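Engineer: Here it is: the structure, laid out below.
The values are calculated or read from the model by the stated rules, or taken from the named source; none is laboratory data. The structure presented is a predicted model; accordingly, all values stated were derived computationally and were not measured. Cβ placement follows ideal geometry from the backbone for every residue including glycine, while neighbour counts extend to all protein chains displayed. Accessible surface is based on the protein model in full, side chains and every heavy atom, while ligands, DNA and RNA are left aside. Shrake-Rupley method; radii C 1.70, N 1.55, O 1.52, S 1.80 Å.
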Amino acid sequence: MALAHDVYTPGHLGELTQVIDPQLVDAVLDETGSRERRVRLLPARVVVYFVLALAFFERSSYQAVWDKLCAGLCGIAVARPCASSLSRARRRLGSAPLRRLFEILAGPVATRAQASSFYRGLRVVAVDGTALSIPDEEAVTWRFPKHGGEVLEFGYPLLRLVALVECGTRALLGAAFGPDTTGELGYARRLLGQLDASMVLLADAYYDAFDFLEAVTGTGASFLLRSTRKRRPTVRRPLPDGSYLTTICAGKYKAGRGYGRLEVRIVEAWMTVTLDDGTRRTELWRLMTSFLDADRYPAHELIALYHCTPPVAPQSQRRAPSSRA
């Protein structure tokens with residue numbers, strides 16, 4: 001045990017220690033009160049790196065992941081804990097140090113030279129969500145209930161995850177997750193504190209709700225997203241590049257505010273999508289944005305931006321797509 005502790009304590013466990021400094025891990029353990037109170041075969045610092053490695057090798061067993069971490073420690077006597085010991089060590093560690101470590105490390109990393117990470121001086125970020133199947137165990141289902149009909153439950157419990165990332169680098173700026181009984185917008189609102197006036201947010205059609213866009217605007221950030229098909233915006237003022245200004249309204253009346261209104265710009269274009277199997281389909285895309293100035297933010301640039309493809313040709317050499325069906 002002493003040998004194992006001497007080897008692991010300096011932080012020489014796998015290449016993760018080259019990315020996440022062991023001293024940072026120690027500081028997080030101290031801050032969250034998660035450091036071990038006695039010498040163990042699996043010190044808290046080691047368990048932090050082990051849990052991080054589980055995310056990289058999610059299809060491997062506990063012991064297989066442990067072997068991968070220790071593969072580079074040639075010539076050193078290394079303990080090989082059983083799966084139950086690794087499980088108990090993970091439970092002792094808890095979630096607090098991992099959460100704090102994420103809060104410290106998450107954030108933008110792109111420089112101005114990074115392709116697809118900036119548009120006209122604004123950092124390009126994107127939000128999206130997914131659902132993940134999790135173990136069908138009683139220790140989990142109390143928090144993440146299974147879906148059920150009138151008679152039977154079915155399928156696996158689901159966890160909903162929404163992440164805010166920096167385009168170009170895919171660096172995580174923030175993440176929120178929980179039971180899938182809460183929709184993506186509910187979790188996305190928890191990430192709004194990561195936005196500011198230096199950013200433009202990209203999102204899919206699900207995020208075009210008035211309340212969410214109003215909240216994004218309140219952070220100072222700009223937005224560019226697809227609009228759902230159910231929206232049929234009225235052309236309030238056509239613009240030279242074929243886009244137009246319109247107003248979206250809140251669905252509910254609020255005392256003292258009336259029906260909330262938000263001025264946006266719409267860019268409509270026919271897009272041809274080619275799937276992996278070679279199938280091609282053409283459909284109308286309606287982009288909604290807070291970039292209201294067509295001269296400064298031309299339609300063809302916004303379409304390219306939504307695909308995270310920075311436009312490089314001068315505007316005079318490019319033909320703006322038709323904005324109307």
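Engineer: Could you check how many residues of segment 86-119 are farther than 23 Å from E15 by Cα and over 23 Å from the mean Cα position of the chain (by Cα)?
Structural biologist: The number of residues fulfilling the criteria is 3.
Engineer: Would you list the helices (runs of 4 or more DSSP H) that sit entirely within segment 1-85 and hold 3 or more residues that are under 21 Å from R100 (Cα atoms) and at pLDDT 85 or above?
Structural biologist: 22-32, 44-56
Engineer: Criterion first (part of a loop (DSSP other than H, G, I, E, B) and touching a strand residue (DSSP E or B) at 6+ places or on another chain (Cβ under 8 Å)) does R112 satisfy it?
Structural biologist: When the stated conditions are applied, R112 passes them.
Engineer: If you don't mind, there's one more thing I want to ask. Kindly indicate whether Y206 is open to solvent by less than 20 Å² (accessible area, probe 1.4 Å) and among the hydroxyl-bearing types (S, T, Y).
Structural biologist: Against the criterion (open to solvent by less than 20 Å² (accessible area, probe 1.4 Å) and among the hydroxyl-bearing types (S, T, Y)), Y206 does not qualify.
Engineer: Moving on. Identify the residue in segment 136-169 that is open to solvent by 40 Å² or more (accessible area, probe 1.4 Å) and acidic (D, E) and, among all such residues, is farthest from R99 (Cα to Cα).
Structural biologist: By that ranking, first place goes to E150.
Engineer: To continue, here is another question. Looking only at segment 129-181, count how many residues are of a type in the set (A, V, I, L, M, F, W, C) and over 30 Å from V109 (Cβ atoms).
Structural biologist: 8
Engineer: Which condition does A197 not pass, out of (1) farther than 20 Å from M288 by Cβ; (2) aliphatic (A, V, I, L, M); (3) open to solvent by 50 Å² or more (accessible area, probe 1.4 Å), if it passes all the others?
Structural biologist: Condition (1) is where A197 drops out.
Engineer: Further question on the same structure: Among T217, T228, which is open to solvent by 40 Å² or more (accessible area, probe 1.4 Å), outside any strand (DSSP E or B) and not small (G, A, S)?
Structural biologist: T217
Engineer: Among the numbered criteria (1) within 12 Å of A126 (Cβ to Cβ); (2) open to solvent by less than 10 Å² (accessible area, probe 1.4 Å), which single criterion is violated by L172?
Structural biologist: (2)
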